[in-house]
1. If we count other beta carbons within 10 Å of each Cβ, what is the order of K160, K296, fewest first?
2. Show the residues, 5+ positions off or on another chain, whose built amide H is closer than 5 Å to the amide H of T284.
3. Using modelled amide H (1.01 Å from N, peptide plane; none on Pro or chain starts), what sits under 5 Å from the amide H of R156, excluding residues fewer than 5 places away?
4. Determine ³J(HN,Hα), in whole Hz, for all residues of segment 166-177 in sequence, where each value follows from phi through the Karplus function 6.51 cos²θ - 1.76 cosθ + 1.60 and θ = phi - 60°; x replaces Gly and Pro.
5. Using a 10 Å cut-off around each Cβ, can you sort V162, V136 from fewest to most neighbouring Cβ atoms?
6. Which order results if D238, D154, D219 are arranged by neighbouring Cβ count within 10 Å, fewest first?
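Here, each number is a calculation from the coordinates, and none is a lab measurement. Everything quoted here is computed from the prediction, not taken from an experiment. Note that each Cβ is placed from the backbone with ideal geometry, even for glycine, and that neighbours are counted across all protein chains shown.
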Amino acid sequence: MDIERWKSLVFAVSDAATFLLTRPAGWAVLGGVLAAGFALRVSAALRDRYLACEAAGRRLGAGQGIGLFLKELFGSLGAAVAVLPTIAAVLVGSVLLVGVSDSVRRLDEIAENRARISELSAVVRNLERRYRVADVRVLSADGRTAHLSLDFYDSRTPGKPVRTQEVSVEGSEVFVDALVLDFAYSEIESGRRVNLALPYRVYGNLQAPADGQELALLDDKGVPLLYRRAEAEIYGIDPETYDARLEELMELLEDEGARRKAGILRSVFGAAVRRKARAGDSFTVWIEQTGGLTIKGDGGF
């Protein structure tokens, strides 16, 4: 039997002991078993006495029945006293087993958390570089409204956009809003602070950011296209684990409570870059290796 099967057996016995000895429902189960055992013992004794009386041509009276019940009761109590050392040994063994089981589980949890941190760090190392988010074309602009076409990229299909989105913003300037993720655990191994940017919204200078339009950057699993990687580009972690941890990061980003509990992200804050909207203009949104967002193209910022 391998170590994992042994651990599963120990955990199962430990959980059963914990349930029976520390939970009201467990006490009820133990009490029910003892009561059923005593009832069976009394029932067997009454049946034997009844048959004996019937063979002798006599009837089993109420007094005899009560006396027999009391005899079996005291007999059971005496038997319980006789096996008290055994019961005590079982209880002590159960407590020790529960302690060992809890210790093993804590060690397993520590090992799993260390492996998880290592995998998440590997994901961040794969993301920590400069890459293109979108090519933007200004289809029209009159100072009050700008119509834009955005081509998004996925490194798994380099050289060509994988999705196009058309949006309209109010004003003469275009703002691209991003969340900046500050990863606390990235300092554990290297002592460096690592930030990653996640563009998610575009708006104009004549509208509130909250009234802007969401960028169509997410795939069907809620992961930004720009964070996906071709297998040949992934290093330090196997591709399946990379995808799983990447999806976990995105889930943590959506759940502040889970994010704080996990201790993965130190902070999440907003940042935006802007560009004057001119009809016929085109520019590219980039994420830099430092985690910043930039816009580059003809005509400057």
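1. Listing K160, K296 from fewest to most nearby Cβ atoms yields K160, K296.
2. So T284 has HN proximity to V136, K296, G297.
3. Sorted by chain and number, the residues that satisfy this are A230.
4. 10, 9, 10, 10, 9, x, 9, 10, 9, 10, 10, 9
5. Placing the least packed residue first, the sequence is V162, V136.
6. Fewest to most other Cβ atoms nearby, the residues stand as D238, D219, D154.
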